[in-house]
1. Round to the nearest 10 and give me the degree value, 0 to 90, for the angle of helix 66-80's Cα axis relative to the longest principal axis of the chain.
2. Identify the residues of the range 33-55 with backbone N under 17 Å of a label point that sits 7 angstrom from the Cα of Arg6 along the Cα-to-Cβ direction, or state none.
3. Restricting to bridges with both residues inside the chain, how much of the DSSP beta-bridge set is antiparallel, in percent to the nearest 5?
4. Taking the chain as a Gaussian network, Cα atoms linked when under 10 Å apart, which of Ala79, Ala18, Ala62 shows the biggest mean-square fluctuation?
5. Could you identify which residue out of Pro96, Pro82, Pro15 has the top mean-square fluctuation in a GNM of the chain using Cα springs shorter than 10 Å?
6. Rank Glu31, Glu44, Glu22 by mean-square fluctuation in a GNM of the chain with C-alpha springs under 10 angstrom and give only the top-ranked residue.
7. Do the sum for the chain: with -39,500 (n - 2.57) for every DSSP H run of n ≥ 4, divided by all residues, what is the mean residue ellipticity at 222 nm, to the nearest 500 deg cm²/dmol?
8. Sum up the charges of everything whose Cβ sits under 12 Å from the Cβ of Pro64, counting Lys and Arg as +1 and Asp and Glu as -1, but leave Pro64 out.
Amino acid sequence: MRVIDRGIPGREDVPTPAKVTEVLRTIVDPELGLDVVGLGLVYEVEIEGQNVWVKMTMTSQACPVGPQILDGARRAITAGVPGVAKCDVQLVWDPPWKPDMMSPEARKAMGWA
C-alpha cells in the first residue's frame, strides 16, 4: 500500500495514514470474511490536511459486493477517523489484484500458507 501524507503533523484531531488504515481494517469482504487491508485491496491512502483519498480494488471486476465495500470504507473513514473534512474512495483496476498481494495472515486464513 502506498501512503502519501501531507497532513498536519503533531495534531491529534486530523487524519493520519495509521488511523485511516486502522479503520479500513474493520471493512470486511463479506464473501471472503477478511478485511480489505489484509486482502491487499487498498492500494493507496493519501492525506492532505483534513482530506482523505483512498484507491482500492476488488478481487475481480465481477465482485457483486464492490459498491457496498467502497461505500462502507467511505462511511467508516468519515465516521471513524478524527478530523476528516472530505473523503473519497476510488475504485481502480490497475494493477490487477493478485492473491500474492494478501498479507501472510490473510493467506493463512484462506489456507494458502
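Readers should treat all values here as calculations from the given coordinates under stated rules, not as data from a laboratory. Computed from a predicted structure; not experimentally measured. All Cβ positions, even for glycine, are placed from backbone atoms using ideal geometry, and neighbour counts span all protein chains on display.
1. With both axes taken from Cα atoms, the answer is about 30 degrees.
2. Residues 44-55 fall inside that zone.
3. Around 40 percent antiparallel, to the nearest 5.
4. Ala62
5. Pro96
6. Highest fluctuation of the listed residues: Glu31.
7. Dividing the helical sum by the residues of the chain leaves -7500 deg cm²/dmol.
8. -2
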